[in-house]
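One structure is given below, encoded as structure tokens.
The values are calculated or read from the model by the stated rules, or taken from the named source; none is laboratory data. All of these numbers come straight from a predicted model, not from anything done at the bench. For neighbour counting, all protein chains shown are included, and Cβ atoms are generated from backbone atoms with ideal geometry for every residue, glycine included.
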Amino acid sequence: MDRFLIAGLGNPGAQYEKTRHNAGFMVADAFARSYSASFQPWQKLGEYAKLSVDGKEVFIVKPMTYMNLSGQMVSSLARFYKIPTSNILVCFDDMSLNLGDLRLRPSGSAGGQKGMKNIIELLGTDKIARLRVGIGPKPEKFDAANFVLAKFTKEETPVLKCAIDRAAEALDVYLKDGLERAMNRFN
């Protein structure tokens, strides 16, 4: 049976729960919910839910090491279950994309996203699929760190909810029909 790992990135704790930087966690939660899967702890590094999609064993992970050390859990679980990097997809926020836009890519640089940077470093390759969820644009005079750690406004919430639902659907298409089909449909 093929094994896949989908990582949703974010920061642990109630103070970060509804912030822009936790869009990856929100997608992981929505996807797990769609399969009635629940999360359990993984070696004090985070949480994971295990489910089956189209004959594939899928691990949905939420690193709880804070964003910048996300690779610790991703690499630990991938090594333990012998999941090849070609079967890993990382989902995270991107302030260079407009709120609600989705971008799937098969590989690339971290693009300034420190959680993705840590994953690339610890897995030793940038050939890792990713699903970026738009949270921008960042207002001109806004500090980037303050922007990503801010909560979504009341006006942004319905757009975000739609994006999270579409992202969870994109993950489903990725697992059932492959990355190319998911890219064609959701980019």
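Does any residue of the stretch 166-174 turn out to be over 23 Å from residue 14 (Cα atoms) and free of Cβ contacts under 8 Å to residues at least 12 places away in the same chain? Looking through the stretch 166-174, none of the residues is over 23 Å from residue 14 (Cα atoms) and free of Cβ contacts under 8 Å to residues at least 12 places away in the same chain. Reported count of residues in the stretch 1-30, each being among the basic types (Lys, Arg) and either assigned to a helix (DSSP H, G or I) or under 10 Å from the mean Cα position of the chain (by Cα) (or both), is 1.
When 73, 116 are checked against the criterion of being over 22 Å from residue 182 (Cα atoms), touching a residue at least 40 places away in the same chain (Cβ under 8 Å) and of a type in the set (A, V, I, L, M), a single residue qualifies: 73.
Of the numbered criteria (1) within 21 Å of residue 49 (Cα to Cα); (2) free of Cβ contacts under 8 Å to residues at least 40 places away in the same chain, the one residue 90 fails is (2). The set of residues in the stretch 32-56 that are closer than 16 Å to residue 174 by Cβ, hydroxyl-bearing (Ser, Thr, Tyr) and in contact with a helix residue (DSSP H, G or I) (Cβ under 8 Å, 6 or more places away or on another chain) contains only 34. Which of the residues belonging to the stretch 45-62 are of a type outside the set (A, V, I, L, M, F, W, C) and not in a loop (DSSP other than H, G, I, E, B)? If the condition is that a residue be of a type outside the set (A, V, I, L, M, F, W, C) and not in a loop (DSSP other than H, G, I, E, B), then 46, 47, 48, 50, 52, 56, 57, 62 are the ones that fit. Evaluating residue 65 against the criteria (1) surrounded by fewer than 23 Cβ atoms within 10 Å (Cβ to Cβ); (2) assigned to a helix (DSSP H, G or I); (3) touching a strand residue (DSSP E or B) at 6+ places or on another chain (Cβ under 7 Å) leaves one unmet condition, (2). Residue 149 fulfils the conditions (1) within 25 Å of residue 68 (Cβ to Cβ); (2) free of Cβ contacts under 8 Å to residues at least 24 places away in the same chain except for a single criterion, (2).
Looking across the stretch 68-81, just one residue is assigned to a loop (DSSP other than H, G, I, E, B) and in contact with a Lys or Arg (Cβ under 6 Å, 6 or more places away or on another chain), and that is 81. Is it true that some residue in the stretch 115-137 is over 30 Å from residue 1 (Cα atoms), modelled with pLDDT of 95 or more and under 16 Å from the mean Cα position of the chain (by Cα)? Scanning the stretch 115-137, I find at least one residue that is over 30 Å from residue 1 (Cα atoms), modelled with pLDDT of 95 or more and under 16 Å from the mean Cα position of the chain (by Cα), so the answer is yes.
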